[in-house]
Structures are given as structure tokens and as C-alpha cells.
Amino acid sequence: MEKIYATYSEEPKVRTPRTGGITARLKGEVEFKNVSYRADGEEIVSDINFRVKTGQTVGIIGSTGSGKSTLMNLLCRFYDATSGEVLVDGQDVRRHDLYNLRDNIGMAMQDVFLFSDTIEGNIAYGRPDCSFEEVKHAAVMADANHFISALPEGYDTIVGERGVGLSGGQKQRISLARALLKDPSILILDDTTSAVDMETESYIQSQLKKIQDNCTVFIIAYRISSIKDADLILVMDGGRIIEQGTHEELVAKGGYYARAFHNQYGEIPYGLLKERRARRNRR
Ligand SMILES: Nc1ncnc2c1ncn2[C@@H]1O[C@H](COP(=O)(O)OP(=O)(O)OP(=O)(O)O)[C@@H](O)[C@H]1O
Ligand SMILES: [Mg+2]
């Protein structure tokens, strides 16, 4: 009872400025200005600076525990930056109406959570009033319609704790459909295509291009193929952005990203080749 009571009476640290409950579509411009976040006396992310415009895609790559998800949690205001500012449409997230901010964000989280409900209910979670056609459209975009339709009860199949088991890639696609259905101005895909094959991934990428005119997309991934075409790639290590730029720029740079590219594609990136040549010439 004590534990339940403590949870029950917990005051949220993130406070909402109440602006009267208006809901408005945001443009989806995002800027991190000197953002650092500390927890339990430890610096989790430091000195984060980057800026994206509406319709751009940001790829985030980096070793496990490097702070990728933390950046997105700061953007959604699951907690507040210790210093610096996270701006959406030029305004500090702390000055946005929290409900409206989150209403504008579609997020497929790293650990997919499915409710004990039908597949339709799970996809429509963020917009319970939407039509079946809209649910199906989102599922098609997430390449989930095929396998859902093949289930004996289709969209009425119960999943989650009490329901049928789904594979990792199937769960990821349901959570992607859920995020897409919100028609968000900021879409966050945290490790969302890690468990699907390359072909499915490239299908999903082509579908994402359709919504990108009025949506800023963040893609966190380990696979270079997931983020190669992004307008901006952030390479994270130990809570810092160690490299940022486009795929070509980063490959030419011959650093962490170029090495990851080399490892995954088995090609020697131009930047590394140049570096090697220079070293050989010095000898
Ligand atoms: N609220 C928090 N309180 C304390 N520590 C945290 C908090 N959030 C994250 N961390 C720690 O910060 C580090 C970065 O975590 P984060 O989840 O951002 O990494 P990541 O880059 O997303 O890793 P992965 O690729 O494995 O998902 C980890 O060491 C984690 O344990
Ligand atoms: Mg993570």
C-alpha cells in the first residue's frame, strides 16, 4: 500500500503550462541549443546542438547507451533538459502546452508495447475516433496490412498479454502504424525497423517519403541503410554528437560513421581511403 500510495501521490516533475487546451498543428521545426541532461549526478547527454526544418529527416546512429533515446525523450518532454533549450517551432518545449506538443508527436518506441486489445484498437490507440479505413491505410504504409489480413480474425485479432504472439518485426510494424495514424508533425522512430528485413525496410522508407512534406522525421538506427538518405545524420558517442552531416559528408570524413559504413557494406569509404593513402605517402 505504501508503494502504491507513493506512486499515486507523485507530483510530476514536468509541469504543463496550461494555455487553455487549444490544439494546433505545429510545423515540426526542431532545434537543440547547448542541451545537456544530468540524472543522478551523471551527465547523460552534453552540449547537443542541431537544427532541422519541417519535412527533413534526421538519422541518429551511435553505440548502445550513447544517449540517442534520451534526445528524443527530451524532445517529448518526458524530462526536461538540465541546461540549454529544446525548441519546437522556435519555442522552448517548456513553454508549449504539453498536451498539444505530445499530440503533434508520433512515436514508435524502442520497446514496443501492445495492449491486450484487438490489432485495430492497438493501432487506433492515439486516435480512437478514427475510421477503419484510416487504420488500414496506416497499416498499409507500415507494411503490416499483409500479415494482419492473414490472421484468422484479421484486425479483430486480440494481441498483447492475453492475445496471440507476434514476431518482433510484426510488433514493430504495428507500433509504426500507430505512430503514422496520428499524422504527426514530428515522427520519431526509435529502432523501429531493426527487426524487419531489408526489403520491408525499404518499402517502409518509400512510404515515409509520402508524408514527409509536412512532417519532420527522426530515425534512430544501427543499420546505415536505415538512415543513409537522411538530410542530417547525428553520430552519438558517450552522450555527445561526435559527427554530424549528410551520408556523403560523413563518409568523406573518414571517422566513426565511415568505419560503420565500411563494416556494414564491406566497402572502403573514400574518406578512409584518402587517409590511408596519405599515411602511405608519408611513410
Ligand atoms: N532518466 C534517466 N536516469 C538515469 N539514467 C538514464 C536516464 N535515461 C537514460 N539514462 C542512461 O543514459 C544512457 C543513455 O541512454 P539512452 O537510452 O539514451 O541510450 P541509447 O543511445 O538510446 O541506447 P540504445 O542504442 O541501447 O537504445 C544510458 O547509460 C542510460 O542508462
Ligand atoms: Mg535507445
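If I filter the range 241-253 for residues that are within 16 Å of ligand 2 (Cβ to nearest atom) and either out of contact with any strand residue (DSSP E or B) (no Cβ under 6 Å at 6 or more places or on another chain) or touching a residue at least 60 places away in the same chain (Cβ under 8 Å) (or both), do I get at least one hit?
Filtering the range 241-253 for residues within 16 Å of ligand 2 (Cβ to nearest atom) gives 241.
This time we only want the ones that are either out of contact with any strand residue (DSSP E or B) (no Cβ under 6 Å at 6 or more places or on another chain) or touching a residue at least 60 places away in the same chain (Cβ under 8 Å) (or both), so: 241.
The answer is yes; a qualifying residue exists.
Whether any residue in the range 49-56 is away from ligand 2 (no atom under 16 Å from the Cβ), assigned to a strand (DSSP E or B) and in contact with a Gly (Cβ under 9 Å, 6 or more places away or on another chain) is what I want to check.
To start, the set of residues in the range 49-56 that are away from ligand 2 (no atom under 16 Å from the Cβ) comprises 49-56.
Narrowing the set further to residues that are assigned to a strand (DSSP E or B) leaves 49-52.
From what's left, in contact with a Gly (Cβ under 9 Å, 6 or more places away or on another chain): 49, 52.
Yes - at least one qualifying residue is present in the range 49-56.
Across the range 148-191, the qualifying residues are those that are closer than 18 Å to Tyr125 by Cβ and of a type in the set (Asp, Glu), and the one among them that is surrounded by the most Cβ atoms within 10 Å (Cβ to Cβ) is Asp190. For first residues located in the range 26-53 and within 12 Å of Leu74 (Cα to Cα), partners that are exposed (fewer than 14 other Cβ atoms within 10 Å of the Cβ) and basic (Lys, Arg) and lie 6+ apart or on another chain with Cβ distances below 6 Å form the pairs Glu31/Arg51.
Take the residues of the range 98-118 that are over 15 Å from Pro184 (Cβ atoms) and in contact with a Lys or Arg (Cβ under 7 Å, 6 or more places away or on another chain): which is surrounded by the fewest Cβ atoms within 10 Å (Cβ to Cβ)?
Filtering first and then ranking leaves Ser116.
When you look at Arg173, is it part of a helix (DSSP H, G or I), farther than 24 Å from Ser194 by Cα and in contact with an Asp or Glu (Cβ under 7 Å, 6 or more places away or on another chain), yes or no? In short, no. Here is a check on your reading of the model: is Ala195 at pLDDT below 90, within 20 Å of the chain's Cα centre (by Cα) and not assigned by TED's automatic domain parsing to the domain that holds Lys136? Criteria met by Ala195. Taking (1) touching a residue at least 24 places away in the same chain (Cβ under 8 Å); (2) assigned by TED's automatic domain parsing to the domain that holds Ile220; (3) over 14 Å from Val30 (Cβ atoms); (4) not aromatic (Phe, Trp, Tyr) in turn, Gly65 satisfies each apart from (1). Each residue in the range 137-165 was checked for being more than 22 Å from Gln205 (Cβ to Cβ) and of a type in the set (A, V, I, L, M, F, W, C), and 5 of them qualify.
Restricting Val140, Val93, Val86 to residues that are among the β-branched types (Val, Ile, Thr) and over 30 Å from Val35 (Cβ atoms) narrows the list to Val140. Would you check if Tyr222 is part of a loop (DSSP other than H, G, I, E, B) and of a type in the set (Phe, Trp, Tyr)? Here the answer is yes, as Tyr222 does meet what is asked.
A single entry from Ser83, Ser36 fulfils the requirement of being exposed (fewer than 15 other Cβ atoms within 10 Å of the Cβ), over 18 Å from Ile233 (Cβ atoms) and in the same structural domain as Gln205 (by TED's automatic domain parsing): Ser83.
The values are calculated or read from the model by the stated rules, or taken from the named source; none is laboratory data. Fair warning: this is a prediction, and the values are worked out from it, not measured in the lab. Please note: Cβ atoms are built from the backbone with ideal geometry, for glycine as well, and neighbour counts cover all protein chains shown.
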